[in-house]
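Have a look at the structure that comes next, please.
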Amino acid sequence: MARTLIAAGNWKMHKTSQEASVYAEAFLNSVGNFRQVEIIVCPPFTSLPLLSQKLAASPVKLGAQNMHWETKGAFTGEIAPAMIKEFRCDYVILGHSERRHIFRETSQEVGQKVQTALNWGISPILCVGETLEEREKGKTESVVAEQLLQGVDAVPLDKASHLVIAYEPVWAIGTGKAATPADAEEVIGFIREKLSQKFNRDVAQKIRILYGGSVTPENVFEFVVKPEIDGTLVGGASLDPGKFWKIVEETYRASQNK
Ligand code: PEP
C-alpha cells in the first residue's frame with residue numbers, strides 16, 4: 001500500500017523567531033508548491049505564531065515538539081493542545097527520547113498525551129527507541145514494544161490511522177552514527193507487526209512509521225527506499241533549509257524507487 005512519505009524536521013531548542021523567519025523564506029523558495037512528500041517543520045513554541053502565518057499558503061505543515069495531556073489548568077510551564085492547534089499545528093512530537101531521558105517522561109504519560117492529541121485532531125508523532133545499553137543487551141524489541149504499546153494504549157481503532165510513529169534509536173540521535181537501513185527496516189517491520197496485533201492489519205498498513213537518528217541528505221535515500229520506512233524525523237540536518245530541502249528531494253526520489 002502506498003503511504004505518503006514524510007520529511008519532518010525537529011528543530012529542538014534552536015532558532016529565535018527572527019531566525020525562523022529567515023529560514024522560512026529560504027525554504028519556501030525551494031518548496032514552492034511541491035506536495036509529493038509531506039513536509040513537517042517542528043519549531044520551538046515561540047516560532048509557531050510567525051511560522052503559522054508564513055507557511056499558511058504553502059504545503060509545509062507545522063508540528064509542535066511537545067504538549068501536555070490536560071487541556072487547561074495549573075500546569076506552570078506547560079502548553080495545551082488548543083494553544084498549538086491555534087497556530088495550525090497538525091502534528092505534535094510526543095515521547096522524544098530527550099523528553100523521556102532528560103525530563104523523565106514515562107511511557108504512561110506519553111500515552112495520555114497521545115490520547116489528548118488525537119482528541120484534538122492533532123496527529124502525534126510518537127517516538128520510540130532503545131538506548132545503546134539496551135540494544136547491546138538484546139532488549140531492542142522489548143523496549144520498543146513497551147514504549148509503543150503504552151503510547152497507543154488508549155487509542156481507539158477509528159483514530160489509529162492518524163498516528164505517526166518514529167523509530168529513533170537513542171544512540172543514533174545527534175551522534176552522527178545512524179542505524180543501518182537494514183536494522184531500521186527490521187525494527188520498523190516489528191513495530192508494524194505490533195500495531196497490526198493491537199489494531200488490525202488494514203489500520204497498521206495506513207500508519208506512517210519514520211526512522212530518525214543522524215539522517216542527512218547523503219543517507220536519507222537508503223532509509224526511505226526501504227518498503228517499511230515511510231520517511232524520516234530529522235534533527236540537526238533540518239536546521240539548514242538547503243539540507244532539509246535536499247532531504248525532501250531525496251525522499252521523493254526514493255518514493256519513485258520503492
Ligand atoms: C531528533 O531530534 O529526533 C533527531 C533524530 O536528531 P538528529 O537527526 O540530529 O540525530
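Readers should treat all values here as calculations from the given coordinates under stated rules, not as data from a laboratory. Only a predicted model underlies this, so the values are computations on that prediction, with no experimental measurement involved. Every residue, glycine among them, receives a Cβ derived from its backbone with ideal geometry; neighbour counts consider all protein chains shown.
Would you mind checking the pairs Lys72/Lys159; Lys72/Lys206; Lys12/Lys177; Lys206/Lys258; Lys12/Lys85; Lys177/Lys226 and listing those with alpha carbons more than 28 angstrom apart?
Too far apart for the 28 Å limit: Lys72/Lys206.
Something else about it: What is the chain by shape, rounded, prolate or oblate, if you read a ≥ b ≥ c off the alpha carbon gyration tensor as root eigenvalues and call it rounded for a/c under 1.5, prolate for a/b larger than b/c, and oblate otherwise?
Rounded, because the longest to shortest axis ratio a/c is under 1.5.
Give me the number: length gained by fully extending Gln53 to Ala182, i.e. 0.36 nm times residue separation minus the C-alpha to C-alpha distance, one decimal in nm.
Roughly 42.5 nm would be gained on extension.
Related question: Roughly how many Å is it from the Cα centre of the stretch 170-229 to that of the stretch 42-62, as a whole number?
26 Å
For a footprinting-style exposure proxy, rank Tyr211, Tyr23 by other Cβ within 10 Å, fewest first.
Neighbour counts put them in this order, fewest first: Tyr23, Tyr211.
Work out, step by step, the length gained on full extension between Glu86 and Lys198: first 0.36 nm times the residue separation, then minus their alpha carbon distance; give nm to one decimal.
37.1 nm
If you don't mind, another one. Which of Trp245, Trp120 comes first, and how do the rest follow, when ranked by fewest Cβ neighbours within 10 Å?
Neighbour counts put them in this order, fewest first: Trp120, Trp245.
Could I ask something else about it? Per residue of the stretch 15-26, in order, report the coupling 6.51 cos²θ - 1.76 cosθ + 1.60 (Karplus, θ = phi - 60°) as ³J(HN,Hα) in whole Hz, putting x for Gly and Pro.
For the stretch 15-26, the Karplus-derived couplings read 6, 6, 5, 5, 5, 5, 5, 4, 4, 4, 5, 5 Hz, x marking Gly and Pro.
Could you sort 35-46, 175-186 so that the peptide with the highest average Cβ count within 10 Å comes first and the rest follow in order?
35-46, 175-186
If you don't mind, another one. Order these by the 10 Å Cβ neighbour count, fewest first: Arg88, Arg208.
The most exposed by this proxy come first: Arg88, Arg208.
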